[in-house]
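A.B. asks: Please see the structure below; I have some questions.
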Amino acid sequence: MNLIETVSYEEMSIKAAEIIFEKVKNKPASTLGLATGGTPLGTYRELINIYNKERTSFQHLSTINLDEYVGLADDHPQSYHMYMHEHLFKYLDIPASQTHLPDGLAKDLDGECARYDKLIEQLGGVDLQLLGIGQNGHIGFNEPGTLFNTRTHVETLTESTRKANARYFSNQSDVPTHAITMGIQSIFQSREILLLASGIKKAEAIRRLIEGDVTEDFPASILKNHANLTVIADREALSKSTI
Ligand code: PGA
């Protein structure tokens with residue numbers, strides 16, 4: 001594990017954006033695995049800044065997102081389709097046909113999961129996967145107890161995850177109960193993984209990631225076995241870890 005400690009959320013975001021930008025510069029036809037949530041917002045902002053400053057093009061890039069809520073249409077304000085459009089895609093020149101998220105309204109959810117796995121394969125696998133980490137160690141929406149060998153599947157969200165995400169909805173009962181998520185195996189197969197964590201709320205999860213055992217009770221722990229994992233965490237997120 002390559003661990004980078006930063007003083008702040010801003011520094012974490014800048015470092016992450018630089019790593020992503022370098023990747024795309026070196027391989028313009030990369031497949032980037034993208035994440036949603038509060039953590040990557042600064043990274044996307046910085047990536048847009050570099051993109052504008054360098055007057056570059058991302059037209060050959062493909063993106064594949066980790067997850068989408070079941071039951072939300074693409075244009076629902078809290079859908080991850082909308083998040084990605086609002087915070088990243090609308091600022092870049094990636095053709096819409098090259099940006100991918102699971103379809104939360106698919107009638108045949110199992111068929112949608114199979115389609116997504118096939119798509120990842122057709123794209124040649126993920127070159128660089130950006131990840132946040134849940135307070136309970138989830139990656140994507142793979143909650144504690146998910147088997148390490150899962151591929152894209154429908155996950156029942158835990159109460160703690162629904163509570164953490166309730167801040168985006170008018171009330172907690174509006175938070176969807178299920179999501180389609182890339183599985184732990186699908187994530188692990190990425191050639192490179194960049195995991196970000198910021199703030200005191202993530203300190204215990206980061207401590208467990210760094211110091212704990214590899215166990216399905218803590219999904220992110222499998223990443224310790226990955227040959228190319230970089231963790232960028234700020235001081236607060238590292239405040240409970242002995243490093
Ligand atoms: P957050 O979510 O970035 O909003 O904290 C991370 C996650 O739950 O994976």
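A.B. asks: Looking at (1) under 21 Å from GLN189 (Cα atoms); (2) open to solvent by 20 Å² or more (accessible area, probe 1.4 Å), can you tell me which one ASN65 breaks?
C.D. replies: The one condition ASN65 does not meet is (2).
A.B. asks: In the range 177-243, which strands (runs of 3 or more DSSP E) lie fully inside it and hold 1 or more residues that are touching a Ser or Thr at 6+ places or on another chain (Cβ under 9 Å) and open to solvent by 20 Å² or more (accessible area, probe 1.4 Å)?
C.D. replies: Details: elements: 178-181, 192-197, 229-234.
By residue number, 178-181, 192-197.
A.B. asks: Among the candidates GLU18, GLU10, single out the residue that is open to solvent by 20 Å² or more (accessible area, probe 1.4 Å) and within 16 Å of the ligand (Cβ to nearest atom). Quick ask: steps written out before the conclusion?
C.D. replies: Working: GLU18 fails: within 16 Å of the ligand (Cβ to nearest atom).
Among GLU18, GLU10, only GLU10 is open to solvent by 20 Å² or more (accessible area, probe 1.4 Å) and within 16 Å of the ligand (Cβ to nearest atom).
A.B. asks: May I pose another question? Residue check, GLY137 against (1) open to solvent by 20 Å² or more (accessible area, probe 1.4 Å); (2) assigned to a loop (DSSP other than H, G, I, E, B); (3) within 13 Å of the ligand (Cβ to nearest atom); (4) not polar (S, T, N, Q), all met but one. Which one?
C.D. replies: (1)
A.B. asks: If you go through the range 22-36 one residue at a time, do you hit one that is within 16 Å of the ligand (Cβ to nearest atom), open to solvent by 10 Å² or more (accessible area, probe 1.4 Å) and either small (Gly, Ala, Ser) or out of contact with any Cys (no Cβ under 6 Å at 6 or more places or on another chain) (or both)?
C.D. replies: Residues of the range 22-36 that are within 16 Å of the ligand (Cβ to nearest atom), as a first pass: 33-36.
The next check asks that each one be open to solvent by 10 Å² or more (accessible area, probe 1.4 Å); those that pass are 36.
Remaining after also requiring either small (Gly, Ala, Ser) or out of contact with any Cys (no Cβ under 6 Å at 6 or more places or on another chain) (or both): 36.
Looking for residues that are within 16 Å of the ligand (Cβ to nearest atom), open to solvent by 10 Å² or more (accessible area, probe 1.4 Å) and either small (Gly, Ala, Ser) or out of contact with any Cys (no Cβ under 6 Å at 6 or more places or on another chain) (or both), one finds at least one in the range 22-36, hence yes.
A.B. asks: Look through THR152, THR161 and report the one residue that is in contact with a Phe, Trp or Tyr (Cβ under 6 Å, 6 or more places away or on another chain) and either away from the ligand (no atom under 13 Å from the Cβ) or free of Cβ contacts under 8 Å to residues at least 60 places away in the same chain (or both). Even if it seems obvious, please write down each step before you answer.
C.D. replies: Numbers: THR161 fails: in contact with a Phe, Trp or Tyr (Cβ under 6 Å, 6 or more places away or on another chain).
Answer to the check: THR152.
The values are calculated or read from the model by the stated rules, or taken from the named source; none is laboratory data. This is a predicted model, so every value here is computed, not measured. Neighbour counts run over all protein chains shown; Cβ positions are idealised from the backbone, glycine included. Note: areas computed on protein heavy atoms with side chains; ligands, DNA, RNA excluded. Shrake-Rupley method; radii C 1.70, N 1.55, O 1.52, S 1.80 Å.
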